[in-house]
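The values are calculated or read from the model by the stated rules, or taken from the named source; none is laboratory data. What you see is a predicted model; the values in this text were computed from it and never measured. Neighbour counts are summed over all protein chains in view; Cβ atoms, including those assigned to glycine, are modelled from backbone coordinates with ideal geometry.
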Amino acid sequence: MKIYTKAELIEKLKEITKMGWIPNARHGNQGGIGNTLEDLLGIKENNLPIPNAAE
């Protein structure tokens, strides 16, 4: 699993933004949008109700 610094995370989110429209990769899943973002970031799904970032 990738661990991002704040600067790396911002840069990765900018890269994802440049991809344009990204369809939900988890149809029928109420948290599908968040799961899709986790997939794009390479973050392992944990379903814990806490942030994935330290800041």
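Based on this model, can you work out whether Lys14 counts as assigned to a loop (DSSP other than H, G, I, E, B) and surrounded by fewer than 11 Cβ atoms within 10 Å (Cβ to Cβ)? No.
Please verify whether Ala7 is modelled with pLDDT of 85 or more, surrounded by fewer than 14 Cβ atoms within 10 Å (Cβ to Cβ) and over 14 Å from the mean Cα position of the chain (by Cα), treating the condition exactly as stated. The answer is yes for Ala7. Total residues in the stretch 27-49 satisfying the condition of being within 20 Å of Ile3 (Cα to Cα), modelled with pLDDT of 75 or more and not hydrophobic (A, V, I, L, M, F, W, C): the figure is 8. The sole residue among Asn52, Asn24 that is surrounded by 10 or more Cβ atoms within 10 Å (Cβ to Cβ) and either modelled with pLDDT under 85 or among the aromatic types (Phe, Trp, Tyr) (or both) is Asn52.
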